[in-house]
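Peer 1: One structure, as structure tokens, below. Some questions next.
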Amino acid sequence: MSQNRSSAVMAQRREPHDSLDFFPTPPWATRALIEHVLVGLGKYGYRSFLAHSVVWEPACGEDHMVNALAEYFGEVIGTDVDARMHGGPPHDFLMPYLPYIVEHRPGPHFVITNPPFRLAAEFVARGQEVAEIAVAMLVRTVFLEGAARYREIFESNPPLIFAPFSERVPMLKGRLDRKASSATSYAWFVWPGRDFKRTSIDPKLIWIPPCRKALERPGDYEEPDR
Ligand SMILES: C[S@@+](CC[C@H](N)C(=O)[O-])C[C@H]1O[C@@H](n2cnc3c(N)ncnc32)[C@H](O)[C@@H]1O
């Protein structure tokens with residue numbers, strides 16, 4: 001089997017309906033959000049603003065995204081529906097209540113995650129209800145397509161920012177692998193939170209330049225401490 005078929009996540013990947021869809025995010029792809037995308041939010045993307053903000057990662061898996069976000073944000077709260085992976089109390093993000101840990105903190109100012117693809121639209125909607133400033137979702141670029149999704153989301157609620165990666169972001173089921181390759185393209189989509197005053201309905205297009213090499217750090221591919 002070739003490298004691409006054995007370890008890459010292909011564009012036509014299908015998950016069983018009840019799968020939790022655990023695909024950890026390489027940390028450099030999370031850093032790219034702050035370094036190249038959130039700047040599109042003006043003052044809300046400033047490092048000094050982020051350093052005083054609370055971000056909720058509501059589908060945190062094994063904390064790969066949480067750990068990268070912690071390099072920039074004042075406080076990062078990670079929750080997941082699967083307590084076995086996360087080690088904290090389980091929380092289903094799509095339920096209409098907040099977990100204790102979120103309810104008793106300021107904000108959240110941002111909701112940032114890599115949601116299960118089949119629930120991405122619901123995650124966006126719930127994220128916009130709870131985040132004050134913005135909701136950033138890392139999803140396959142094909143999320144842009146489809147008549148149903150157009151009617152449900154993009155027609156009346158387009159993102160503030162659409163930011164495709166110029167490089168591939170290899171996402172593997174259940175693990176990170178520095179050497180993996182991928183045929184699937186990913187992008188960051190950013191929607192306004194409930195207190196964000198949007199001045200234009202037109203999304204901003206930001207190309208994420210090649211940045212993997214510059215944003216990888218030693219230890220990124222080691223198993224997080226549990
Ligand atoms: C694609 S993985 C992303 C993991 C992590 N955000 C990262 O990037 O490393 C999706 C995660 O969503 C979690 N999940 C699935 N359905 C959920 C729900 N309804 N509420 C909260 N988490 C959910 C899964 O357990 C899994 O950890």
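The values are calculated or read from the model by the stated rules, or taken from the named source; none is laboratory data. Small disclaimer: the values here were computed from a predicted structure and weren't measured. Note that we place each Cβ from the backbone using ideal geometry, even for glycine, and neighbour counts take in every protein chain shown. Protein only, heavy atoms only, side chains kept; ligands, DNA and RNA dropped before computing areas. Shrake-Rupley method; radii C 1.70, N 1.55, O 1.52, S 1.80 Å.
Peer 1: How large is the accessible surface per residue of the stretch 22-215, computed with a 1.4 Å probe and reported in Å² as a whole number?
Peer 2: 44 Å²
Peer 1: May I pose another question? For Ile101, Ile208, write out the residues from largest to smallest accessible area, computed with a 1.4 angstrom probe and no ligands counted.
Peer 2: In descending accessible area the options line up as Ile101, Ile208.
Peer 1: Just in the stretch 73-156: which chymotrypsin sites (Phe, Trp or Tyr not before Pro) are loop by DSSP and have at most 12 other Cβ atoms within 10 Å?
Peer 2: Answer in residue order: Tyr97.
Peer 1: Roughly speaking, to the nearest percent, how much of the chain's 1.4 Å accessible area is carbon and sulfur?
Peer 2: 54 percent
Peer 1: Can you give the accessible area of Ser185 in Å² (nearest 10), computed on protein heavy atoms with a 1.4 Å probe?
Peer 2: 40 Å²
Peer 1: Let me ask you something else. From the square roots a ≥ b ≥ c of the eigenvalues of the alpha-carbon gyration tensor of the stretch 22-215, which class results: rounded (a/c under 1.5), prolate (a/b over b/c), or oblate?
Peer 2: Rounded, because the longest to shortest axis ratio a/c is under 1.5.
Peer 1: Moving on. How high is the FRET efficiency from Tyr46 to Arg118, r the C-beta distance, R0 41 Å, rounded to 0.05?
Peer 2: 0.75
Peer 1: Could you tell me which of rounded, prolate or oblate describes the stretch 172-218, using a ≥ b ≥ c as the square roots of the eigenvalues of the alpha-carbon gyration tensor, with rounded for a/c under 1.5 and, failing that, prolate when a/b is larger than b/c and oblate otherwise?
Peer 2: prolate
Peer 1: How far is the Cα center of the stretch 176-226 from the Cα center of the stretch 85-147, in Å?
Peer 2: 15 Å
Peer 1: Restricting to DSSP loop positions (anything but H, G, I, E, B) with no more than 16 other Cβ atoms inside 10 Å of their own Cβ, which GluC sites (Glu not before Pro) remain in the stretch 22-86?
Peer 2: Glu71
Peer 1: Between Arg151 and Tyr97, what is the FRET efficiency for a Förster distance of 25 Å, r being their Cβ-Cβ separation, to the nearest 0.05?
Peer 2: Computed FRET efficiency for Arg151 and Tyr97 comes out at 0.35.
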